[in-house]
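This report concerns only the one structure given below.
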Amino acid sequence: MNKIAEKSKSNYGTLVRKIIRESKTAVLSTCLNKKEWPYGSLVLSCCEHDGSPYIFISELAEHTKAIRNNNKVSIFYENCNFLDDPLAGTRFSVLCSAFEAFEKEEKGLLLNRFLLRHPEAKIYSKFNDFTIFNLFVEKVHLISGFGRIYWLDRNEVLGNKYKTLIDSEQKIIDQINNRILSNPHIIGVDSEGYDFLIKKECFRTEFEIEVKDAETAKIEIMKIIKNKEIT
């Protein structure tokens, strides 16, 4: 592959992460069994710091039953509905293997991140029959307008994640939200930017640099917020 093509695929990998991070919903498809049809439905979406999707879903759901039988799934995201020509926009299917999150600390961090994005889910978050499934990204099929069609590998799509930033995310969010005391209400911070809610809609702002720790993240966020206030 030539350098121009490599750069193009890298840019699309960044776009994939941005859309996943901004999305509150996606369409999950699972295999009910070997003899029946694929089954797709709308689910609440969230992602880890590197952009890997995960879901929080009832054990009674058809998807959960299907995953227990066959953990190969596809989750579809799009950024097209606001366009006059939806097919000119970006959409992609993320092909994944679903694995239940068992480790207590990991489950706590993932659930907290999910509830910041979906506060309405608090009503059932303590039910014993709800499960977090990590969706291990295998590859992505992306369409971004006419003639721009790519298969992207896992390493072309996912970003970095740093434990120090993951562990301090809630503290960063609390400190920033307490300082600005208004919209935007920040709900997530990762190495490449931060996510925020305005009137229940999710948006994202990217950092100019990659951050790896809490102090750098707070400095970058406040710099962006102050610049927006000035302009």
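A few remarks follow.
- Scanning segment 178-198 for residues that are assigned to a loop (DSSP other than H, G, I, E, B), under 19 Å from the mean Cα position of the chain (by Cα) and surrounded by fewer than 20 Cβ atoms within 10 Å (Cβ to Cβ) yields one hit, 184.
- The numbered conditions (1) within 30 Å of residue 199 (Cβ to Cβ); (2) part of a helix (DSSP H, G or I) are all true for residue 66 except (1).
- Complete set of residues in segment 116-137 that are surrounded by 15 or more Cβ atoms within 10 Å (Cβ to Cβ) and of a type outside the set (S, T, N, Q): 116, 117, 118, 121, 130, 132, 133, 135, 136, 137
- Within segment 11-28, the set of residues being touching a residue at least 60 places away in the same chain (Cβ under 8 Å), in contact with a helix residue (DSSP H, G or I) (Cβ under 9 Å, 6 or more places away or on another chain) and not in a helix (DSSP H, G or I) comprises 24 only.
- Residue within segment 31-44 that is in the same structural domain as residue 128 (by TED's automatic domain parsing) and crowded, with 21+ Cβ neighbours inside 10 Å present: no
- Residue that is modelled with the lowest pLDDT, among those in segment 1-57 that are more than 21 Å from the chain's Cα centre (by Cα) and within 29 Å of residue 107 (Cβ to Cβ): 33
- Those residues of segment 135-166 which are touching a residue at least 40 places away in the same chain (Cβ under 8 Å), in a strand (DSSP E or B) and not basic (Lys, Arg), in sequence order: 135, 136, 137, 138, 140, 141, 142, 143, 144, 150, 152
- Taking the criterion of being over 11 Å from residue 10 (Cα atoms), surrounded by fewer than 16 Cβ atoms within 10 Å (Cβ to Cβ) and in contact with a strand residue (DSSP E or B) (Cβ under 9 Å, 6 or more places away or on another chain), the residues of segment 147-160 that qualify are 148, 149, 151, 160.
The values are calculated or read from the model by the stated rules, or taken from the named source; none is laboratory data. No experiment lies behind these values; they were computed from the predicted model shown. Reconstructed Cβ throughout: ideal geometry from the backbone, glycine too, with neighbour counts over all protein chains shown.
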